[in-house]
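Here the structure is laid out as structure tokens; the discussion comes afterwards.
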Amino acid sequence: MHPDLRSTCLAIIITIPGTGCEPNPAEVAPPAEPVAIRRFDPTSAAPVPKMTTTPSTDADAGLDAEADPDDPPMIDFPMLDEARRLDFIEAGLTFPESLKELDGRRVSLVGFMAPFDDLRNMRRCMILPSYVGCKFCSPPSVTQVVFVTQGREDDSGVHRFIDAPCHVTGTLRLSLPERTHEGQRQGFMYSLEDAAVTVHTEEAPERAPGHGNAPHQLRLPRLAPITSTDLIREVAEIVDLHPRRPIEIERVSAGDFEEIIRTDLELAYPEAHRDARSDAFRLLGLLPEKTDWIDTLAEFQLSRRVAATDDSGTRIRLLDSVPDDHPYVRLQRVGEIADALALQHFPRDGIGSSKDAPKAASDEDDDARRAHDGLRQGFRTMTIYRYARGAGIPAGARPPATFIQDSRDRRQGRNEIKGAIESAPFGLWESVPGIVGSFFVDARVGDAGPLAEADAALARPPSTTMELFRPRWYEDPARWRHDPVPAGFAEGLLDTRPVLTDVLGIGGLVPILSQWYSFEVAKRLAGGWAGDRWALWRLPDDGSALLLETRWQDEASAIQFHAAIPDNDSWFVPPHRPGSNRVRLLRADSPAVLDRLKATLPATWLDEADGDRPPGGSGVAP
């Protein structure tokens, strides 16, 4: 994926708390009369924001565009939205016949321009259904972004940005697995090649709610009051889950709310292991030095959450400092009600952890807890977007200005927390469950399908984050081979036992790889994951060492991951053994410590056990 597009996608999905459309922060604009939200229509569809993938580079089919007719057929964004994406790693797509028939032909589309390379020359650009100016604006789904190249390849002219509805005519290319056209390589589902873009002079689509010319200031309406009873009833209609017990929404102070969040996290991560987990993530490159685990996760949550649901799904605590009539607060309440209803129908033992904090469980590893967590986040996110679409609320509503300022004040002088919050790899690690959970739910129910279709997954949650990345692997376990690393894999390697061992999963490996590669490339490099486990030791000199063992669907996937680890004096990656589907990494605080560890390890550590090769030649089956 092009680096500019990569940064755009990450800005949409990974929200760094306390940032936004500076220097013009969004405020709620109090109109003369509060805006009465129109009654929710359960049939309304709202796509969950998704990221593009970089497809395969097989030979293009070589379709030639038909001769331009005088009046090319019109396509529109609802038509484009009929395509379905089946896999978050590979380009597993299904297109409707109406689009397949137009593939390779000249067509026309009306939309809004967004830059791909440079705003000063829009030869390569994107066309969207509405203007999107910042990460707090409603982001389009992957089916709602069209890659456009104006003119032919040798076109050296300057194509200016059009800040108005645009009429685009070009050759439509669908991103099929065998294609290699530019839009396919850049990770788009649709491309319009050799295109001409002009101002649309006829009836045009409206901009998304709250948008003005870029740069803009998002002005959000004050909402009409709604009782908790009515809001619960509307959310119940969306998710088709009705309360089994009354749900109480209670106002609490900022201090009490912080205590609720921290207590939840402390139950998830026992005190005896928190420092070891921080050390492990530091050695893996995910966290800065001297970072407190609970403080960091609590700050992520406190910087975006205004409400929290208890384990029984009967009590929601809402910050008393945020206004009920603010769109962001309304949508967060909707999400918590959806969470409460899911908890009542599918108790925690059935669906794992709370949506932002995995719950401690002796029989679960961290990857399983995060998979359960991602499923619930996806259910919650889909509910929020559908409510926002049906009620006419900007789904990208920014938090109240006072809430953002409170977050900044809380981090004042705490540089270690600020460094952790601003760490892109850890921010990605924290965000991955919600990203892939939303994709998973969308893949199962679609943009307009009943959310009740997610009930089966809530009752039988995925056990790995890989199943969220690849829903078909969840639906059909025969498609892949889960090969967990035993908990005692590192016993006896050193004189002392590891102080902590756990599982990263693909949801942890991708953020690690994102230190060196784009998110798209990192997903593909980890796409053949079969299992992993890490172990952390405390050394006599107060240093730390970490061993990570990964297992893969086939030898090719193992070789690909092995080759992706860059040379580093503090990493040791044993050479690949032919026939093996394993990759081991040893990491220490310094090269000197690493050298001592390598001399201490038994010679047999470099030997791979029999049975590495997957039976029957099985491999990755997206």
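The values are calculated or read from the model by the stated rules, or taken from the named source; none is laboratory data. Everything quoted here is computed from the prediction, not taken from an experiment. FYI the Cβ positions are ideal-geometry reconstructions off the backbone, even for glycines, and counts take in every protein chain you see. When the accessible area is computed, the model is the full protein with side chains, heavy atoms only, and any ligands, DNA or RNA have been set aside. Shrake-Rupley method; radii C 1.70, N 1.55, O 1.52, S 1.80 Å.
Summary of values
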quantity: Accessible area (Å², 1.4 Å probe, nearest 10) - TRP480; calculated: 30 Å²
quantity: Listed residues GLY255, TYR269, THR227: farthest to the positive end of the dipole of the range 222-269 (Cβ charges); calculated: THR227
quantity: Accessible-area order (highest first, 1.4 angstrom probe) of the listed residues THR501, THR227, THR464; calculated: THR227, THR501, THR464
quantity: Compactness relative to 2.2 N^0.38 Å, alpha carbon Rg of the range 416-537; calculated: 1.23
quantity: Calculated FRET efficiency for the pair GLU422/GLU259, C-beta based, R₀ 22 Å, to 0.05; calculated: 0.30
quantity: Cα-centre dipole for the range 375-437 with unit charges at Cβ (Lys and Arg positive, Asp and Glu negative), debye to 20; calculated: 220 debye
quantity: Built amide H within the under 5 Å cut-off of ARG538, gap 5+; calculated: VAL499
quantity: Label point at GLU202 placed 7 Å out along Cα→Cβ; residues across the range 143-167 whose backbone nitrogen lies under 17 Å; calculated: 165-167
quantity: Cut-off under 5 Å, modelled amide H: who pairs with GLU250 long-range; calculated: ILE316, ARG317, LEU318
quantity: Label point 7 Å beyond Cα of ASP155 along Cβ direction - residues of the range 95-114 with amide nitrogen under 15 Å; calculated: 106-109, 113-114
quantity: Area accessible to solvent at THR201, 1.4 Å probe radius, in Å²; calculated: 120 Å²
quantity: Full-stretch length increase - LYS598, ARG538 - with 0.36 nm per residue and alpha-carbon distance subtracted; calculated: 20.0 nm
quantity: Only Lys, Arg (+1) and Asp, Glu (-1) charged, at Cβ; the range 432-562 dipole about Cα centre in debye; calculated: 140 debye
quantity: Semi-axis lengths (Å, descending) of the ellipsoid that matches the C-alpha gyration tensor of the range 481-549; calculated: 26, 16, 7
quantity: Chain lengthening between ASP310 and ASP76 when straightened (0.36 nm per residue, less Cα-Cα); calculated: 79.9 nm
quantity: Estimated vicinal HN-Hα couplings, Hz - the range 484-501 in sequence order (Karplus 6.51, -1.76, 1.60; Gly, Pro = x); calculated: x, 7, x, 4, x, 4, 9, 5, x, 6, 10, 5, 10, 7, x, 7, 7, 9
quantity: Ranked order, VAL148, VAL499 - accessible area, probe 1.4 Å, largest first; calculated: VAL499, VAL148
